[in-house]
Amino acid sequence: MYLSKAVVKVVGTDIETLTGEYGDFNLDDLPAGEITIEISYTGLVAQKTSISIEADKSVSKEFKLGRSRLTTDKLDKDTVGLDEFVVAYKKKK
C-alpha cells in the first residue's frame, strides 16, 4: 500500500514536500553531504533516516511507516473511520 500526502522533511531546513499518489517524492537541489530525512503521516510513527548525497547523483530510498503500539493496542478499538467529508463555512450576515 502506498501512502499519499505523507510529509517529507529535510531535518534542520525549511525543505519539505508531500508524497504523491504512489508514495513517491522528489527533493531537488540538495547539497552534497549527509542529510537527515523525516517522513511523517498522521496516526503513524514518524521515521528518520540519514542519507549520503553525492554531487550530481540521484538517491533512492524506500520508507515504511507503521502504527505505534499505543495506536494498535488502545486506540483502534475506539477509532471510527470516516468516508469523504466536507468542511463548509458560511459567513453570517
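Would you pick out the residues in the range 47-58 that are open to solvent by 50 Å² or more (accessible area, probe 1.4 Å) and under 19 Å from VAL7 (Cβ atoms)?
Of the range 47-58, the ones open to solvent by 50 Å² or more (accessible area, probe 1.4 Å) are 47-48, 50, 52, 54-58.
Within the range 47-58, GLN47, LYS48, SER50 qualify.
Tell me whether the range 20-39 contains one or more residues that are within 17 Å of LEU65 (Cα to Cα), in contact (Cβ under 8 Å) with a residue 24 or more places away in the chain and loosely packed, with under 13 Cβ neighbours inside 10 Å. No, because not a single residue in the range 20-39 is within 17 Å of LEU65 (Cα to Cα), in contact (Cβ under 8 Å) with a residue 24 or more places away in the chain and loosely packed, with under 13 Cβ neighbours inside 10 Å. Of the numbered criteria (1) modelled with pLDDT under 75; (2) open to solvent by less than 100 Å² (accessible area, probe 1.4 Å), the one TYR89 fails is (2).
For the condition at pLDDT below 80 and exposed (fewer than 10 other Cβ atoms within 10 Å of the Cβ), GLU84 qualifies. A count restricted to the range 2-19 and to residues that are at positive phi and surrounded by fewer than 11 Cβ atoms within 10 Å (Cβ to Cβ) stands at 1.
The values are calculated or read from the model by the stated rules, or taken from the named source; none is laboratory data. What you see is a predicted model; the values in this text were computed from it and never measured. Positions of Cβ are backbone-derived with ideal geometry, glycine not excepted, and every protein chain shown enters the neighbour counts. Just the protein is used for accessible areas: all its heavy atoms, side chains included, with ligands, DNA and RNA removed. Shrake-Rupley method; radii C 1.70, N 1.55, O 1.52, S 1.80 Å.
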